[in-house]
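K.L.:
Below is the structure I would like to discuss, written out as structure tokens.
The values are calculated or read from the model by the stated rules, or taken from the named source; none is laboratory data. Computed from a predicted structure; not experimentally measured. Cβ coordinates were reconstructed from backbone atoms using ideal geometry, including for glycine residues, and neighbour counts include every protein chain displayed.
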Amino acid sequence: MSNLWSFVALALAFAAVWLALVQGPRWRLKARINARLNRRAAGDEEVARSWIFGLATWYTELAAVRGDYQEMAESLEITGRTDERIRTDYLLMCWLMPALAILFGFALTGVIWGTLVAVVAFLLPRRLIRSMAVAAEKQQNLEAIELCHMTRMLMEAGLSIERALRLASVQARPVMPMLSGRLDRFNRMMEAGADRTEALDELGRNRRILVLRNYVALMKQSSKLGARVSGSLDQIIHEAQQNERSRLKEDTNRIGAKMTIIMMVFMLPALFTLIGGPAVMSIAETLGR
């Protein structure tokens, strides 16, 4: 009977997490649209705040978790999440879900295995977030190369920086799915009357996307000095491609080292058994006589 109640509680916990992660954003979007239709919203930046966002805001401002949150927030921001999603996802992925896993781990497996579940539940989400950030960083650096190509083509056709980026965010969305969100924020800031330099700083805010940072620095310099950017964009593209080649070579070398370890652990014992097995059997038969 206790196992039945444990499984029911586990199912309810996963249902609550699913509602918070999947249905929560949809309900917030629906509430925002209804509020704007009823003229209860003041503008595009004012959104309906949910209770979980308020809880996440309070929790992430605590001094005990501030350092961990800042590290995870930087990794979550590079994936294109907004501040609201960063706080709520951090609370859910790094604390609420591990707490549920630890609770059921101790309840179902005992103290020893429960401790192991607690360690894994605490470290695994952070490892997953860092892996997501590394993958997003690589992807957006590649997409920034395509942005440089498209910007050079559009500016050589006589378009301004604002029109080039507005057209790139609309037409190149299939080519730049992750970078298009940053371009959309740039376009919204320009439409709201923000200064071009401020909007460009927001576009290249994340320092880990190196190609985009160089692109933003070039666009800011071009807007101030009025210089042509075709040659500088070619240089940025060339340096980015060289860095990508170097990264691929390093990944290839790491794969060779990993394959060596795999061969030593799995293949060499089988090979020694295949080659030395008959000899060992012959020696054993000889000694038996």
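K.L.:
Only one residue in 193, 231, 204 is surrounded by 16 or more Cβ atoms within 10 Å (Cβ to Cβ) and either of a type in the set (A, V, I, L, M) or without any contact (Cβ under 8 Å) to a residue 40 or more places away in the chain (or both), so which one is that?
P.N.:
Unique residue meeting the criteria: 204.
K.L.:
Test of understanding: among 248, 210, which residue is in contact (Cβ under 8 Å) with a residue 60 or more places away in the chain, under 31 Å from the mean Cα position of the chain (by Cα) and over 18 Å from residue 153 (Cα atoms)?
P.N.:
Testing whether each residue is in contact (Cβ under 8 Å) with a residue 60 or more places away in the chain, under 31 Å from the mean Cα position of the chain (by Cα) and over 18 Å from residue 153 (Cα atoms) leaves just 210.
K.L.:
Just one of (1) at pLDDT 65 or above; (2) buried (at least 17 other Cβ atoms within 10 Å of the Cβ); (3) over 27 Å from residue 115 (Cα atoms) trips up residue 58, so point out which.
P.N.:
Among (1) at pLDDT 65 or above; (2) buried (at least 17 other Cβ atoms within 10 Å of the Cβ); (3) over 27 Å from residue 115 (Cα atoms), residue 58 violates only (2).
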